[in-house]
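Only the coordinates and a few stated rules stand behind these numbers; no lab work does. This is a predicted model, so every value here is computed, not measured. So basically every Cβ, Gly included, is an ideal-geometry build from the backbone, and we count neighbours across all protein chains shown.
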């Protein structure tokens, strides 16, 4: 069985033709370098962000796609980092809030660095996902000796997200055919019914698929027959990218 999860035919840029092994290694090294930068290394962080932006343009992917990915994840990043300005009292105090909460200059610097790092890492991961078909990415993770259980979970997640998307589209088409509800309360009830029905259908489908896989002797590993090759060109690009990223981080 081969995983074939691609749903479109994107333009063939140089970045898309690069080996998935090379792209995964570069992405992992890039994220490690971004995370390793100190909070005071904002100029170097902005240079690394410029590299990601340049690669997005080189891959001929609309910047609106990048904006949508970042906008989707940014609220969760802000919620996770919300308490950081109040935890570090080093440096000059900027504001004193009720309850003894203090916002310091060092706390704001750390908060800023965390948010920018998260956005840059999200952009890098999104670029990897946009330029690498899911089946090739999963095969690469298997080649790089990622835990088999993790690869299996990712494979099933990607596969069934597509199925759930199609199921949700059909349910919304049925809703529109019956006429949209009037009023905010009515629309909220309809949306709640759709979400509940989708959850029940997904759970029942997962039970049936699990029983069918167990009956066929599923041992916890999905066979992925795609194997990605790593040519000399990929090795040169990987070494140059890793050297440039490490130089910017250690500079």
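Test of understanding: ordering 82, 146, 30 by Cβ neighbours within 10 Å, fewest first, what list do you get?
Sorted ascending by nearby Cβ count, the order is 82, 146, 30.
Quick one: length gained pulling residue 240 to residue 51 fully straight, 0.36 nm per residue minus the C-alpha distance?
Result for the pair: 66.7 nm of gain on full extension.
Could you work out how much longer the chain between residue 191 and residue 28 gets when fully extended? Use 0.36 nm per residue separation minus the Cα distance between them, nm to one decimal.
On the way: separation 163, 0.36 × 163 = 58.68 nm, distance 3.87 nm.
Extra length from residue 191 to residue 28 when fully extended: 54.8 nm.
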